[in-house]
Each structure stands twice: as C-alpha cells, then as structure tokens.
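Written below as structure tokens is the structure these notes are about.
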Amino acid sequence: MTHEDYMRRAIALAKQGSGFVNPNPLVGAVIVRDGRIIGEGYHMKYGTPHAERNALANCTEDPHGAEMYVTLEPCCHYGKNPPCTEAVIAAGIRRVYVGSDDPNPLVAGKGLQKLREAGIAVETGLCKAECDRMNRIFFHYITTGMPYCILKTAMTADGKTATRTGASQWITNELSRAHTHETRKRCAAILCGIGTVLADDPSLTCRTEQPSNPVRIVCDTHLRIPLDCRLVRTAKEIPTYIAACGGDPAKQAALRNAGVQIIPVCEDETGHADLRMLMQKLGEMKLDSVLIEGGAEIHEAALRAGIVQAVQIYMAPMIFGGKTAKTAVGGTGVAEIAEAYRLSEPEITRFGSDILLEYEVI
C-alpha cells in the first residue's frame, strides 16, 4: 500500500462518524509499521475520544516507532478530551502524515509544532484535497461561527420541481433519495419554510441504516404552523424549532407545550424572517450545518440573504413543461445577468438514471 492508500483508509474511517460528531470535524487515523496496519480509529461521537487516541487504543502491537496517518492536524489543547498530541508523543510514534491543517485558532499549526518539538517527523498535505472536502462544514463553521448551508433541490431536465398541478413525488429515483438522506444525516439541522409544511406536512427525518436525525427548523414568520402537523406532533422526539417574528402568545404557548422551541427573529426588508439573523443564532447554538430543503420562496430568500455555501441539484431524465409548473428558486429573481448568483464548476455524480450536480456558491 502507498502513503495515499493509508490516508484514504483514514478518510473512509473518518466518514463513519458522519452525523454523530457535529460540531467537531470528521477525523480518521491509521497506524502503520513495516507496511502493516497495526491500529486504526476514528472520532465516533461528539464528546468521545478523538481518532488518534482510538487508533492507539486499537493497536494490535506496541506502536513505538510506527507511523501515523491522520486526516486532520492533531489537537494540542484541552477541551472535552485531552490533547491528541500528548498521546501521539507518549506512544513513541516516529512520523505523522497529516491531510488537512486545522484552522481552529486553538490548533492552527500548534499541533504540528508540538509534534516536531518532540522529535516526530511531520509531513503535511497528503491527500489534502480529499481531506479538506470532507470537512468543508467544520472549516466554515470554525472560521465564521455560522452554519454551512446547503441548498438542495430535485428537478426535471427542464428545471421543474413539480407539475402544473403540484405533483412532485417522485421526481428522482430511489438512489438519489437515499443519498439525500445521507446528506440529512451529515447536517446538524434541516430547514424548510412554512409553505412546505402547509403543502406537504413533511417529517424531515433521516432514513438511513444508522440514522442521526437533524434538528428541524421551520421559517414561519407569522406562526401559521398547524398544531396537528407531523413536525409538531413529533417535536418531543426530535428537536424542532420555529423561527418566527412574534405571533399569537397563545399559539406560542401551545407550541412550547408540544415540545416546539421558538427562535425569535426580526423581519427582513421583505417582511419575512431574517435568515441571516437566524443563522447567527443557530451558530451560537453550535449547529454547524443546515440543509435547506424548502420550496422556491425560501430558496430565493436564502440566496438573497447570502447564507448559502453549496447547492445540490438532483436532476431526473424527464420533462414536465408548463408555464405555471414550479421551479427550484422563486421570488422576484434578478433583473440583470450580472446580478446572478454565481456557482463553481459542478462536481457530477450519477445515481442510476439521475445525476447530482454539486456546486459551491462563489
């Protein structure tokens, strides 16, 4: 196996923590001696030991003199766990290969320095692009304090999200829908608008083999959410929040009694819930990522507010047509081409006959 092979194994391990480590990063570690893996581990859950300590604990033989491959710079500060650098040094690891540098100000090069001061050889940047991509959420959150927002939509080849009668289930195939649930699992929260709740009565749950339900958030400026909708009925099982600009005190009390928590926000210039203020509050709540799975209006509002970092478009090989058929982004729209929301070149993945286009907002 090559150095890259060992690091890719560490990446694969790290991804097993998806949905369970937020707001921490995904991290995997592999320990190698004489071309043999003698220990491996990953960060399994927020608050539990980090990847390096798990890999050392899982060693099948003394790791003294071995090499470690870790996807992110080892931490060197005390938090919920002691510094990983101390464990690596104490174990007698002779060389550490690192994928990503940690932008956390508490680490940011200090972890690498600690290892080098202890006489450990350190090489950085191994499979850096893959390691960085895996932790886009963490990097954004730790440097801005704001959640990483992914706008997701499913559409036909002609850009329709529903027929002229409003029918939309199902546009995409089972493979695409399964992947959507993996994204729900990865994100700390899922957000929709009140229009989606009134039209579809969604559950917004994660249906994967090892589910991790995101916190559910509804933008409901005037508190129109029905008390008998699925989100309210299950609010004591899955944390559910409503971002509202006031509303009837009796309705607020009834919602709180059902287990729903109210996040008060101001109105923006259009008279709707201020999404940027909402994101600031979610960041303070340590929610590092939000999957926006709403309708056309909240998609436009999110783009206009400048809170979207990535866009996922699942496209199915069918055409609906129709001037009144819904599209992914509503609102007034831009007036000039120069005002368009610009996206990166797409990363393209096939799910059977569907394709997924993934963009970053630039």
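Could you state the angle between the C-alpha long axis of helix 174-186 and the longest principal axis of the C-alpha atoms of the chain, as a value from 0 to 90 degrees rounded to the nearest 10?
70
For segment 320-360 and segment 1-62, what is the separation of their C-alpha centers, rounded to whole Å?
Computed from Cα coordinates, the inter-centre distance equals 37 Å.
HN-Hα J couplings of segment 198-206 from phi, Karplus 6.51/-1.76/1.60, θ = phi - 60°, integer Hz, Gly and Pro as x?
Ordered by residue, 3J(HN,Hα) equals 5, 7, 10, 6, x, 9, 6, 9, 9 Hz.
Taking the Cβ of Leu223 as the center, what net charge do the other residues with Cβ under 11 Å away carry, scoring Lys and Arg +1 and Asp and Glu -1?
Values: positive: Arg224, Lys251; negative: Asp220, Asp248.
Combined, the nearby Lys, Arg, Asp and Glu give 0.
Once amide H atoms are placed 1.01 Å from N in the peptide plane, what residues at a sequence separation of 5 or more from Val96, or on another chain, have their amide H within under 5 Å of its amide H?
Met68, Ala121, Val122, Glu123
Need one number: % antiparallel among DSSP beta bridges in the chain, to the nearest 5. Write out the running numbers ahead of the final one.
Working: 24 of 60 bridges.
Restricted to the chain, the bridges split so that about 40 percent are antiparallel.
Mind grabbing the accessible area of Leu227 for me, 1.4 Å probe, Å², rounded to tens?
90
Let a ≥ b ≥ c be the square roots of the eigenvalues of the Cα gyration tensor of segment 4-66; is it rounded (a/c under 1.5), or, if not, prolate (a/b larger than b/c) or oblate? Before the final figure, lay out each step's value.
Numbers: a/c = 3.20, a/b = 1.69, b/c = 1.89.
Verdict is oblate for segment 4-66.
On a 0 to 90° scale, report how tilted helix 3-14 is relative to the longest principal axis of the chain, with both axes built from alpha carbons and the result rounded to the nearest 10.
Value to nearest ten degrees: 50.
Restricting to bridges with both residues inside segment 1-103, how much of the DSSP beta-bridge set is antiparallel, in percent to the nearest 5?
So the antiparallel bridges in segment 1-103 amount to around 65 percent.
Given a 1.4 Å probe, how much area per residue of the chain is accessible, in Å²?
47
Just the accessible area for Glu360, please: 1.4 Å probe, Å², rounded to the nearest 10?
Number for this one is 70 Å².
Report ³J(HN,Hα) in whole Hz for each residue of segment 91-96, in order, from the Karplus equation J = 6.51 cos²θ - 1.76 cosθ + 1.60 where θ = phi - 60°; Gly and Pro get x.
Computed from phi, the couplings for segment 91-96 are 6, x, 4, 9, 8, 10 Hz.
Within 10 Å of each candidate Cβ there may be at most 16 other Cβ atoms; applying that plus a DSSP loop requirement, which chymotrypsin sites (Phe, Trp or Tyr not before Pro) in segment 53-116 survive? Each step should come with its number before you reach the end.
Details: sites: Tyr69, Tyr78, Tyr97; in loops: Tyr78.
In loop regions of segment 53-116 (DSSP not H, G, I, E or B), the sparsely surrounded chymotrypsin sites (Phe, Trp or Tyr not before Pro) are Tyr78.
If we restrict to alpha carbons, what Rg and Dmax does segment 103-206 come to, in Å?
In Å, with Rg to one decimal and Dmax whole: 20.6, 69.
Which of the peptides 245-255, 266-276 is most tightly packed, and how do the rest follow, going by the mean number of other Cβ atoms within 10 Å of each residue? Spell out each step's value before the answer.
Values: 245-255: 14.4, 266-276: 16.5.
By packing density, highest mean first, the sequence is 266-276, 245-255.
Can you list residues whose amide H is under 5 Å from Ile242's amide H, if they're 5+ apart or on another chain and H is modeled 1.01 Å from N?
Close amide H contacts, sequence-distant or interchain: Val218, Gln261, Ile262, Ile263.
Which number do you get for Rg(Cα) / (2.2 N^0.38 Å) in the chain?
Numbers: Rg = 22.6 Å, N = 362, 2.2 N^0.38 = 20.6 Å.
Normalised Rg, Cα atoms only: 1.09.
So, in Å, what gap is there between the alpha-carbon centers of segment 131-154 and segment 214-282?
That distance is 23 Å.
In whole percent, and with a 1.4 Å probe on the protein chains, what portion of the accessible area of segment 280-348 is carbon and sulfur? Intermediate results must be reported in sequence, preceding the final value.
Numbers: 2100 of 3770 Å².
In segment 280-348, the share of accessible area belonging to carbon and sulfur is 56 percent.
The values are calculated or read from the model by the stated rules, or taken from the named source; none is laboratory data. These figures come from a predicted structure and were not determined experimentally. Reconstructed Cβ throughout: ideal geometry from the backbone, glycine too, with neighbour counts over all protein chains shown. For accessibility, only protein heavy atoms count, side chains too; no ligands or nucleic acids. Shrake-Rupley method; radii C 1.70, N 1.55, O 1.52, S 1.80 Å.
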